[in-house]
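Colleague: Sharing a structure, written as structure tokens. Questions coming.
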Amino acid sequence: MLDQATKFLTDALRLCDLTTLDWLGCAASACVLLTFCMQSMFRLRLTALLSNIAFISYGWVGRLMPILVLHCMLLLINSIGLAHALRNWTSVAGNQTRTSVHHLNIPEGVTVQLGG
């Protein structure tokens, strides 16, 4: 049974005939999809950085200059955004609060007044 499954997967991959460049593109695209699943700004920026690195690799190997230039610029933007998110998170962590309120699980329709 295991041999049949292995043969099926091997044949399927051979049919697809994906190159290294194709695999890099698929991995980079999967990283983008993962970025959209993040709920906190810190995790979003972290996965966006991973996505940028994957697309930079894809652009470099494929000699795709528009993708390479775009993701080098986005890498800088996301690095700055990650630094801001990390600084905001650590600056308010001492007050036992965070910039995100997603972890509070406030029921729909309930009004919360923040501040003094």
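Colleague: Run Trp89 past the list (1) more than 16 Å from Leu24 (Cβ to Cβ); (2) assigned to a helix (DSSP H, G or I); (3) free of Cβ contacts under 8 Å to residues at least 40 places away in the same chain and report the number of the one that doesn't hold.
Modeller: For Trp89, the exception is condition (3).
Colleague: Consider Leu68 carefully, then state whether it is touching a helix residue (DSSP H, G or I) at 6+ places or on another chain (Cβ under 6 Å) and closer than 14 Å to Phe42 by Cα.
Modeller: no
Colleague: Considering only residues that are part of a helix (DSSP H, G or I) and of a type in the set (S, T, N, Q), look in the range 27-62 and name the one that is farthest from the chain's Cα centre (by Cα). First the steps, then the outcome.
Modeller: Looking only at the range 27-62, we keep the residues that are part of a helix (DSSP H, G or I), and these are 27-35, 41-62.
Those left that are additionally of a type in the set (S, T, N, Q): 29, 35, 47, 51-52, 57.
Numbers: Ser29: 9, Thr35: 3, Thr47: 3, Ser51: 5, Asn52: 8, Ser57: 15 Å.
For the range 27-62, the residue satisfying everything is Ser57.
Colleague: How many of the residues in the range 31-63 are over 28 Å from Arg87 (Cβ atoms), surrounded by fewer than 16 Cβ atoms within 10 Å (Cβ to Cβ) and without any contact (Cβ under 8 Å) to a residue 24 or more places away in the chain?
Modeller: Looking only at the range 31-63, we keep the residues that are over 28 Å from Arg87 (Cβ atoms), and these are 57-63.
Right, trim to surrounded by fewer than 16 Cβ atoms within 10 Å (Cβ to Cβ) and you get 60-61, 63.
Filter once more, keeping what is without any contact (Cβ under 8 Å) to a residue 24 or more places away in the chain: 60, 63.
Adding up the residues that qualify gives 2.
Colleague: Oh, and also: Name the residue that is nearest to Met41 (Cα to Cα), counting only residues in the range 80-116 that are at pLDDT 90 or above and either loosely packed, with under 14 Cβ neighbours inside 10 Å or among the aliphatic types (A, V, I, L, M) (or both).
Modeller: Leu82
Colleague: Still on this structure: Given the conditions (1) farther than 27 Å from Leu64 by Cα; (2) free of Cβ contacts under 8 Å to residues at least 24 places away in the same chain, which single one is not true for Thr19?
Modeller: Among (1) farther than 27 Å from Leu64 by Cα; (2) free of Cβ contacts under 8 Å to residues at least 24 places away in the same chain, the lone unmet condition for Thr19 is (1).
Colleague: If you check Ile77 against the conditions, is it modelled with pLDDT of 95 or more, outside any loop (DSSP other than H, G, I, E, B) and more than 19 Å from Trp89 (Cβ to Cβ)?
Modeller: No.
Colleague: Here is a follow-up. If a residue must be at pLDDT below 90 and under 21 Å from Ile77 (Cα atoms), how many such residues does the range 2-59 contain?
Modeller: Of the residues in that region, 3 qualify.
The values are calculated or read from the model by the stated rules, or taken from the named source; none is laboratory data. Given the structure is predicted, the values throughout are model-derived calculations rather than measurements. So basically every Cβ, Gly included, is an ideal-geometry build from the backbone, and we count neighbours across all protein chains shown.
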